[in-house]
Structures are given as structure tokens and as C-alpha cells.
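This report concerns only the one structure given below.
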Amino acid sequence: MGEMSEPIEESFGAEEAGNTGEPTSTQDVIHTDEEQTGDSASRKVIKAPTRQYIRDRCDGISKYGDSRPPLRPCLPPPCVKWCPSLLEQNCLCEFAGGLGLIKSDNVKWRRRIFWVAIASNIVGFALTIVACFSISLHYDTLMRTAFSSGYSVSDNPNIPGIEIGIGLRGVALRRPFKTPSNVVWTFDEFCNRSFNTGSINYFGDGVCRGCANHSAGLVGTLIMSLITYFPNIFTDVLRMYSNYDVNCQKVFGSFITLASLLLSLYTWWGYVQSCFAVFYDGIIPYDEMGSAFTPEEINAMSDEEIRLNILVRMDYHWKAGPGLICVITATCLKIVDILCNMMVPTPEITRNHREQEEYEALGVEET
């Protein structure tokens, strides 16, 4: 008996040492009820979150397939693996990730859909670049990319009408009857020169300044709109690769982009209501000095006085300029990107905890 006790003690010691060591995987924490009930079939399993697949996708080393996004910015951002419970593994993200019209493993349609999304973003990016030229104070550039465009039709054949292009920092004017005929004024110059000759009675006090202030505030908004196309394109490229797709990227590509779309439309609509939509659209009579007669002055004149004092009547018309049309079109194209992201669900592993456990076990076996 003395000879047998030694190996028994060694075996018990080895078992005890194994139980007190670090677990080989963070996948499962297992507790047994055998010591309390004596029933070897009764086991209680408490599973910890399995997040190896998130870390691998963020690091660009997913074990599911060899294909991966071509650029590092197209991988999931590091913050996803730093805060997985907040950004990836929660009921909201997993629910949103499961929404879609095709199967998550349909690689063929996944690629086709996201090529459409990428194309829409590239077109929107190009249109936004065109709109950015409205920041310029160069005459030809401003005329071609103005946010608000206006023109007047003259009833005097000797005095042709004018053309106006309003950008985000200044105003371009074409005045064939003056020298120089083509000029660019800052908003301060435009408001002081054009609205101190009686025209303010038609356009309203503060309209020009209001448009100037609103336009100046849009410069930063327009530049930010241009910059945000890069993360949108990177997200679309990432989601083409199902072995790197994650829930948070779908939420960003769908719901965050939707919020950005609505905010942008509200911003551009605010510009419309502050600029050309409130400009006077109609006839303004001028004397030979270029001063506009007020409606009250016209009503007080006789027909003979009107004939003698009014040199020309200018019929003004205003509309959205090429720059505003481009940026609104680019904003609406984001709807295509949103729909494409909503149509494609994330891979099953992003919601299926069993598959996450299998992936974690695969990682342990390979190491």
C-alpha cells in the first residue's frame, strides 16, 4: 500500500495543477455540478464572449479565406476590437447586420451590389468637387458653378440684361452695358453696390446679408461632405469581402449615412430658403442714373412721368445654380449607397455565437 500511494498522490497533484492553471482559450468557462450532485451528466456551461474573429478582421488576418480588402483603410477600424460590446456585439448591431434581401454568403451578388454602391459614391464625389469650385472668386469658374443663378430681361433694346452667379464667397456679374462688363464682387461689395439704389425695396432689408452669411457657413459643410466620401467608399470595399465584413460597418453604411443624408438635405434646403428663393422675381424699373423706383413711387406717377423718368425695366428671374444642382444630386445619390448596404446582410458569424465559438476553437488549434 505504501508503494501505491506515491503515484496516486502524483496523479492527484497533476490534476490539481491543471485545474489551477490559466485556461487555454477565452472561449468557454465551464463549471460542473458533479461535486454537489454526483451526477456526471449534469454540467453548467457559462460562455464568455468570443471575439477573436473581430480582432482578426481588424488586423487583416481572418482565417476564413485568403481574399482581403486591398487597402488597410478598408479593414474594420481598430475601435471595433477595442470596444466590441459597444460597436459590434450588441442586439442593435446584430439585428441591423441580419437585415437584407440576399443570403450573406452569396458572394456573386454581394460584389455586384457593392460595385453599384462604389460607383454611386464616385459619381457623388465628382459632383461635389464641381460644387466646391463655387468657393472660387474667378469669374468664369463662379459663373459655371454658382449656387444661385439670376438673369434679367430688358425692355430697352439699347440696354441688355445682366447675368448673375452667386457662389459661396462672392458674386459674378455680366453687365454688357458697363466697363468692365464681367466683374466679381465679394458679398460685402455686392450688397453695398446693388442694394443701395432702391433695389432693397424689392428684395427686402437683410436678404442679401442673410444669403451672404448662409453661404459663408456652407464652405466648411461642403468641404466636409467631400471628405466623408472616403470612409463611405472604404466601407463599400470592405463589405465586398464577407470574411472581413462586420455589423458596425453595415450600421455606418446604412443608418449613419441616412442621418447624414437627411442633415445634408436640410442644410441645402436652408440655403434655398435664404438665397434665390427669397430674391425678388419680377420687374424693377430704373432711371437713367441706375436707381430703382419703388412701387409707391411708380403708383404716384402719371403715365407721362413714367415715360419720361423710367429708362429701362428689368425683369429678374432666379433659379438654382449648377453648383447647387450638383451637390443636391450628389446628396441624393447617397440613397443608392444606403440601399445597397441595407440589401446585404453581414456574415453569419457576426450574429451566430456557435460559429464564433468554432472560429475561436479553430484559432486555438492552429496556434
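The values are calculated or read from the model by the stated rules, or taken from the named source; none is laboratory data. Quick caveat, the model's predicted, so the values are computed rather than measured. Here Cβ is always computed from backbone atoms with ideal geometry, including for glycine, and neighbour counts include all displayed protein chains. Side chains are part of the model used for accessible areas, which takes the heavy atoms of the whole protein and leaves out ligands, DNA and RNA. Shrake-Rupley method; radii C 1.70, N 1.55, O 1.52, S 1.80 Å.
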Report task. Please work out which residue is surrounded by the most Cβ atoms within 10 Å (Cβ to Cβ), limiting yourself to segment 124-153 and to residues that are touching a residue at least 12 places away in the same chain (Cβ under 8 Å) and among the polar types (S, T, N, Q). Result -> S134
Query raised in the report: Looking only at segment 333-356, which residues are among the basic types (K, R), assigned to a helix (DSSP H, G or I) and over 19 Å from the mean Cα position of the chain (by Cα)?
Result: R354
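Condition check ((1) over 22 Å from S134 (Cα atoms); (2) of a type in the set (D, E, K, R)) across all residues:
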site: G220; (1), (2): no, no
site: M240; (1), (2): yes, no
site: D245; (1), (2): yes, yes
site: I306; (1), (2): yes, no
site: L311; (1), (2): yes, no
Report task. State the number of residues belonging to segment 108-123 that are of a type in the set (S, T, Y) and free of Cβ contacts under 8 Å to residues at least 24 places away in the same chain. Result -> 0
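Being touching a helix residue (DSSP H, G or I) at 6+ places or on another chain (Cβ under 7 Å) and modelled with pLDDT under 90 is the requirement here; does E297 meet it?
Judged against the criteria, E297 is not a match.
Of the residues I61, I54, I102, which is outside any helix (DSSP H, G or I) and open to solvent by less than 60 Å² (accessible area, probe 1.4 Å)?
Result of the check over I61, I54, I102: I102.
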**Report entry** Evaluation of A48 against (1) open to solvent by 60 Å² or more (accessible area, probe 1.4 Å); (2) modelled with pLDDT under 90 (one fails), failing number
**Finding:** (1)
Report task. Take segment 333-356 and flag every residue that is surrounded by fewer than 17 Cβ atoms within 10 Å (Cβ to Cβ) and touching a residue at least 24 places away in the same chain (Cβ under 8 Å). Result -> I335, V336, E348, H353
Requested in this report: Please specify each residue of segment 74-127 satisfying the condition of being farther than 27 Å from T331 by Cβ and in contact with a Phe, Trp or Tyr (Cβ under 7 Å, 6 or more places away or on another chain).
Outcome: L75
Report task. Considering only segment 154-235, give the helices (runs of 4 or more DSSP H) lying wholly within it that have at least 1 residues that are open to solvent by 50 Å² or more (accessible area, probe 1.4 Å) and at pLDDT 90 or above. Result -> 207-227
